[in-house]
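Okay, so here's the structure we're looking at.
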Amino acid sequence: MKETNKNSHINVGAAILMSLFVLLFFAFIGRFFYIEWTQAVSGSDGEKVDLMELGKDKWTRSKILEADRGTIFDRTGENALATDIPSFTLRAILDKEYEDHVENVDKTAAALAPIIEMEESDVKEILSRDDLFQVEFGASGKDLSLTQKEKIEEMDLPGVGFIPTKTRLYPNEEFASHLLGFTNENDDGVQEGLLGLEKELNKYLMPQEGKETYQSDREGFRLPYGNENITPSKSGNDVYLTIDQKIQVLMENALNEAQEKFNPERMTAIVADPDTGKILAMGNRPTFDPNLRNVSNYTNMALTAFEPGSTMKIFTVASAIEEGVYNGDELFQSGQYSVPGGRVSDHNGGEGWGAISFDEGIRQSSNVAASILVKEKLGYEKYKDYLTKFGLDSKTGIDLPGESSSRITYGGELERITTGFGQGSTITPIQQVQAITAIANGGKMMKPYVIEKIVDPESNEVKLNHEPEVAGEPISKDTAKQTRDLLRTVVTDGTGTPYNIEGYEIAGKTGTAQISQGSKGYMSGYGNNIFSFIGMAPADDPELVVYVAVDRPQLEYPELGSDPVSLIFNTVMKNSLQYLNIDPMEKKEETSEESSKKESGQVLTEVTGMNADEAKKELEAKGLSVTVLGDGEVTGQSPHAGTKILDNERIILRAEGSAKMPDITGWSLADVMKLVELMDLKPNVMGAGYVTKQGINKGSNIKKDDYLVVELKSPSSEEEEPEQTEAEEDAEPITD
């Protein structure tokens, strides 16, 4: 009986287990068919999971297809000014569970530090960080060259490896840096333009990344019949500039030489083709290396407005010629010119050069000549019209970022007049370059530009193409020629003689601008000016226009502001003309007319060795103003014998015996410097204009190496009338 019960219990248990297995089997089969039918399961969060998509994620791989940022070329298309090159980012694996990891921190740090130019202690600190799988080394570990990579690989350091990247390279380093600008890596690891054309043209230069997806086995190997999907990458567009690499290099070298010799606050230079408006070179100091991004000055001075000085007289005289009111042979009284609100003075003060022709006034950069042209010949409204015609009251629209707006100060009568010789109003160098193309190009003013074209490197499709654009025709062809002829004599016989280049006819104009300090007036002191020159060559049919401005060079008497400017201008102009195969002209015999023109002044005779009284009498008979220091025989003279001088110019004679200090009140700075040179004094100049106070009293003995302190003021600042505006009160004459 017990045996029977036992068997029956076993049978019941077996039946129950069998039933459970059957139920589980059918549940499994049902689930299987359900999944097969729906191809989905429920996830841990209750959401359905598509098994097909899950499978694809398991066996599908993808990788980014990188592309290059567009290259920036010079105008030849052969010289890359900015381009992408392969580079590497250094990384180190610290996770000890990973097979290839850093094993010896001290050894690894000592090996890496000198190659990536980091302190060994800093490298060691990075390699000693806890709870990190992998580390990088900041800026020092990025953009490594192939040479650096190979040096590190040779040391076979465990755990050390590289991530392939790209670096933006500027092969010429400090080369048109303000124009080109630079890039930096953004948050997505992509090079993005931050300055200059790199920023302005970022949308054209930026590449488009591609993507490749494929199927692989669990080891990551590509399946031979797997589905592949490729979205190709696309490189950025290439940019072709109007910049000529060789001319730009000539400019950079000249700027470097001037920087080393004169250490000015800043400089700028521009070379342009006047027939098209193409900018062939543009440079600034201070500058920077875009590879290092060591920027100390973000301002492109070529696009910055400041008082231009006497280069403005070019457009004043051209306007008068165009209006038919300019007579170059007509005489006017130079020296000073009274206007409501003050007086305008020439840079040599007093009576100037006496009664001289307007042509001679332009050659000698007479402020009075320019003032008469604006006030009496043209009239204020007509002159204002020409400022607009020459584009001097609006931006040029050059295809560069950061162009400043000019400011034409034209309120009071004195402000209008001083604008005619470059004071009070502010103009950019690029505006002056655009305006002078009308003089050089037969009256047609050409809009400046630096971007020649933008091209898709894969399809060769031209995305943007610049053609020369006429910005206006302010003057006629005949006026342009007359103005060039006059500017040619400025260089041969006027203030522009330092810019005469043997073998080439240069036409141009000098400028010496004072630097405004706002309510404090103008900056004072020897050399505290912006010295400039804008010239063209060959004068009869100009191929090049070159503008140079040098701000506050460190000058020691007898150095002049023209010294650093001519160093740059002459070097760049002469070598650029030769590079462009523009042959020097052959020397020719002077015609009697040309010879007579050169006799408009006189050459100072040698009077040393003569009795001082006799020498003074002889020179005064020639219309010169003579100051004698000492008694007896003349032992020295300033200017030196053989110097070309003008009527009424001051001559200082050093005679034997002790020299008494003369009353130099009313003397110009140029005359003070003659005294300084002749008596071996040390000048300390304050202000601008003409002497109002002198540190060595009249009648005192002059001793070698004495300090001569002089305070100068403009005659216009000594006259104050109730109707003066604030700008008129601050007006001072411009020296040239």
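The values are calculated or read from the model by the stated rules, or taken from the named source; none is laboratory data. Owing to the predicted nature of the structure, the values given are computational and were not obtained by experimental measurement. Every residue, glycine among them, receives a Cβ derived from its backbone with ideal geometry; neighbour counts consider all protein chains shown. Only protein heavy atoms, including side chains, enter the accessible area calculation; ligands, DNA and RNA are left aside. Shrake-Rupley method; radii C 1.70, N 1.55, O 1.52, S 1.80 Å.
Inspection of the stretch 295-306 identifies at least one residue that is touching a residue at least 60 places away in the same chain (Cβ under 8 Å) and part of a strand (DSSP E or B).
Of the residues making up the stretch 410-425, those that are touching a residue at least 60 places away in the same chain (Cβ under 8 Å) and either open to solvent by 20 Å² or more (accessible area, probe 1.4 Å) or on the phi > 0 side of the Ramachandran plot (or both) are GLY411, GLU413, GLU415, GLY422, GLY424. Looking across the stretch 487-521, the residues that are crowded, with 23+ Cβ neighbours inside 10 Å and either of a type in the set (A, V, I, L, M) or over 19 Å from VAL548 (Cα atoms) (or both) come down to LEU487, VAL490, VAL491, ILE506, ALA507, ALA513.
Mind checking whether some residue in the stretch 208-225 is at pLDDT 85 or above, open to solvent by 70 Å² or more (accessible area, probe 1.4 Å) and touching a strand residue (DSSP E or B) at 6+ places or on another chain (Cβ under 7 Å)? No, the stretch 208-225 contains no residue that is at pLDDT 85 or above, open to solvent by 70 Å² or more (accessible area, probe 1.4 Å) and touching a strand residue (DSSP E or B) at 6+ places or on another chain (Cβ under 7 Å).
Looking for something not in a helix (DSSP H, G or I) and not β-branched (Val, Ile, Thr) - is there at least one such residue anywhere in the stretch 370-382? Checked against the condition, which is being not in a helix (DSSP H, G or I) and not β-branched (Val, Ile, Thr), the stretch 370-382 yields at least one hit.
Would you call ASP385 surrounded by fewer than 17 Cβ atoms within 10 Å (Cβ to Cβ), more than 33 Å from the chain's Cα centre (by Cα) and more than 27 Å from GLY561 (Cβ to Cβ)? Don't jump to the end; show me each part of the working.
On the way: surrounded by fewer than 17 Cβ atoms within 10 Å (Cβ to Cβ): yes; more than 33 Å from the chain's Cα centre (by Cα): no; more than 27 Å from GLY561 (Cβ to Cβ): yes.
So ASP385 does not fit the description; no.
Scanning the stretch 147-163 finds no residues that are buried (at least 20 other Cβ atoms within 10 Å of the Cβ) and closer than 18 Å to GLN191 by Cβ.
Considering the stretch 389-409, the residues that are without any contact (Cβ under 8 Å) to a residue 40 or more places away in the chain and more than 22 Å from THR510 (Cα to Cα) include one that is most open to solvent (accessible area, probe 1.4 Å), namely LYS395. In the set (1) under 29 Å from LEU241 (Cα atoms); (2) in contact with a Pro (Cβ under 7 Å, 6 or more places away or on another chain); (3) surrounded by fewer than 18 Cβ atoms within 10 Å (Cβ to Cβ), the condition left unmet by ILE430 is number (3). Scanning the stretch 618-642 for residues that are open to solvent by 50 Å² or more (accessible area, probe 1.4 Å) and among the polar types (S, T, N, Q) gives a single hit, THR635. For the stretch 617-651, a residue qualifies if it is hydrophobic (A, V, I, L, M, F, W, C), closer than 25 Å to GLY361 by Cβ and in a strand (DSSP E or B), and the qualifying residues are VAL626, ILE645, ILE651. Restricting attention to the stretch 523-573 and to residues that are open to solvent by less than 30 Å² (accessible area, probe 1.4 Å) and aromatic (Phe, Trp, Tyr), the residue that is nearest to LEU708 (Cα to Cα) turns out to be PHE531. Checked against the criteria, THR725 does not count as in contact with a His (Cβ under 7 Å, 6 or more places away or on another chain) and at pLDDT below 80. The set of residues from the stretch 535-566 being part of a helix (DSSP H, G or I) and either under 18 Å from the mean Cα position of the chain (by Cα) or of a type in the set (Gly, Ala, Ser) (or both) comprises SER562, PRO564, VAL565, SER566. Here the stretch 657-708 is the region considered, the condition is being hydroxyl-bearing (Ser, Thr, Tyr) and crowded, with 19+ Cβ neighbours inside 10 Å, and the residue that is modelled with the lowest pLDDT is TYR690.
Taken over the stretch 368-413, residues that are modelled with pLDDT under 95 and closer than 22 Å to GLU323 by Cβ amount to 2. Candidates in the stretch 271-300 are the residues that are surrounded by fewer than 24 Cβ atoms within 10 Å (Cβ to Cβ) and aliphatic (A, V, I, L, M); of these, the one that is farthest from LEU486 (Cα to Cα) is LEU292. Within the stretch 663-713, the set of residues being in contact with a strand residue (DSSP E or B) (Cβ under 6 Å, 6 or more places away or on another chain) and basic (Lys, Arg) comprises LYS674, LYS682, LYS693, LYS713.
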